[in-house]
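K.L.:
Right, I'll just put the structure down here and ask away after.
Just so it is clear, none of the values below were taken in a lab; they were calculated from the coordinates. Predicted model only: the values in this text are computed from it and were never measured. Neighbour counts run over all protein chains shown; Cβ positions are idealised from the backbone, glycine included.
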Amino acid sequence: DTEVTQTPKHLVMGMTNKKSLKCEQHMGHRAMYWYKQKAKKPPELMFVYSYEKLSINESVPSRFSPECPNSSLLNLHLHALQPEDSALYLCASSQGFLFGRNQPQHFGDGTRLSIL
Amino acid sequence: GESVGLHLPTLSVQEGDNSIINCAYSNSASDYFIWYKQESGKGPQFIIDIRSNMDKRQGQRVTVLLNKTVKHLSLQIAATQPGDSAVYFCAGNTFAGGTSYGKLTFGQGTILTVHP
């Protein structure tokens with residue numbers, strides 16, 4: 001079982017809907033990430049939060065709006081999405097650099113998003 | 001820019017054989033490398049990592065080799081089992097100075113199929 005929990009597992013929405021994806025981790029990690037993964041492709045970084053502040057935005061369209069309410073939670077707010085936004089959205093967390101060594105990112109199982 | 005790629009997109013082996021998955025990277029600034037396993041319907045699962053000051057690291061049934069001279073790493077799986085069937089991604093990680101997070105760049109992935 002993954003220690004990064006994502007909800008919902010599946011989401012179908014129309015192009016005019018507003019929805020949110022949620023991610024939670026209780027490992028005390030201070031960095032959290034959103035990735036987008038298309039079928040048969042590797043994950044692509046979207047956003048990085050470090051200590052609850054947005055550190056990286058990989059030129060993601062404004063119809064995706066991230067939010068980090070606290071150190072354990074990460075949301076991705078969706079509005080006016082396009083059919084090409086259909087993908088698996090993955091959340092990850094990491095401790096970053098701890099005790100003099102790098103620490104890996106740990107992923108959730110993702111939300112499968114379909115835009116009608 | 002950075003790219004991390006794989007030599008072969010698919011690998012088929014018989015149960016009990018040893019498997020070798022290869023990966024090349026281009027950015028010398030990558031200082032930490034991770035192998036992930038992704039099963040259908042799940043997020044990437046951490047397998048093993050290696051820092052750039054090492055050339056070999058062993059885990060349970062897995063070994064990662066790093067050759068910095070030719071910017072190549074490989075994942076060796078001993079006595080491959082049907083449960084090892086998945087997509088395997090290598091990822092290069094770069095930490096920005098003074099930050100707590102890393103930026104992963106994934107390879108394209110290798111589909112490993114293990115036949116009973």
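K.L.:
Are there cysteines in chain A with no second cysteine's Cβ under 4.7 Å away, and if so, which?
P.N.:
Cysteines lacking a close Cβ partner in chain A: A:C68.
K.L.:
Something else now. Could you derive backbone 3J(HN,Hα) for segment A:7-24 from the dihedral phi with the Karplus parameters 6.51, -1.76 and 1.60 (θ = phi - 60°), listing whole Hz in sequence and x where the residue is Gly or Pro?
P.N.:
Running phi through 6.51 cos²θ - 1.76 cosθ + 1.60 with θ = phi - 60° gives 9, x, 6, 9, 8, 10, 9, x, 5, 9, 6, 10, 9, 9, 9, 10, 9, 9 Hz.
K.L.:
Something else now. Residue separation times 0.36 nm, minus the C-alpha to C-alpha distance between B:S26 and B:N53: what's the value?
P.N.:
Extending this stretch completely gives an extra 8.0 nm.
K.L.:
Equivalent ellipsoid semi-axes for segment A:1-109, as square roots of 5 times the alpha carbon gyration tensor eigenvalues: give them largest first, rounded to whole Å.
P.N.:
24, 14, 13
K.L.:
Let me check I've understood the local charge: for B:A86, count other residues with C-beta under 10 angstrom from its C-beta, Lys and Arg +1, Asp and Glu -1. What total comes out?
P.N.:
0
K.L.:
How large is Rg/Rh for segment B:25-116, to two decimals, with Cα atoms and a Kirkwood Rh?
P.N.:
Using Cα coordinates only, the ratio equals 0.98.
K.L.:
Which lysines, if any, have their Cα less than 23 Å from the Cα of B:K103, not counting same-chain residues under 8 positions apart?
P.N.:
Leaving aside lysines fewer than 8 places away in the same chain, those within reach of B:K103 are A:K22, A:K36, A:K38, A:K40, A:K41, A:K53, B:K37, B:K42, B:K56, B:K68, B:K71.
K.L.:
In whole angstrom, note down how far apart the Cα centers of segment A:1-47 and segment B:70-90 are.
P.N.:
25 Å
K.L.:
Would you mind getting me the FRET efficiency between A:V12 and B:T94? Use the beta-carbon distance for r and R0 = 30 Å, nearest 0.05.
P.N.:
Calculated value: 0.25.
K.L.:
Separate question: Sort B:I47, B:I111 so the one with the fewest other Cβ atoms within 10 Å of its own Cβ comes first. Don't skip to the answer; put the middle values down first.
P.N.:
Details: B:I47 21, B:I111 16.
So the residues, fewest neighbours to most, are B:I111, B:I47.
K.L.:
What chymotrypsin sites (Phe, Trp or Tyr not before Pro) does segment B:29-58 have in DSSP loop regions with at most 16 other beta carbons within 10 Å?
P.N.:
Passing both the DSSP loop test and the Cβ count: no residue.
K.L.:
On average, how many beta carbons from a partner chain sit within 10 Å of the beta carbon of a residue in B:20-31?
P.N.:
Mean number of neighbouring Cβ atoms from other chains: 0.
K.L.:
List the relative contact order of chain B as a percent without decimals, with contacts defined as Cα pairs under 8 Å and 6+ residues apart. Walk me through the intermediate numbers first.
P.N.:
Values: 288 pairs, mean separation 42.1, N = 116.
Over chain B, the number comes to 36 percent.
K.L.:
List, in order, the whole-Hz ³J(HN,Hα) value for each residue of segment A:61-73 obtained from phi through the Karplus relation with A = 6.51, B = -1.76, C = 1.60 and θ = phi - 60°; use x for Gly and Pro.
P.N.:
x, 5, 5, 9, 10, x, 8, 10, x, 7, 5, 9, 10
K.L.:
For chain A, modelled as a GNM with alpha-carbon contacts under 10 angstrom, which of A:M32, A:M46, A:M13 fluctuates the most?
P.N.:
A:M13
K.L.:
Would you kindly state how much longer the chain becomes between A:L73 and A:S20 on full extension, computed as 0.36 nm times their sequence separation minus their alpha carbon distance, in nm to one decimal?
P.N.:
17.8 nm
K.L.:
For B:S26, what residues show an amide H to amide H distance below 5 Å, using hydrogens built from the backbone and excluding near sequence neighbours?
P.N.:
For B:S26, the qualifying residues are B:S3.
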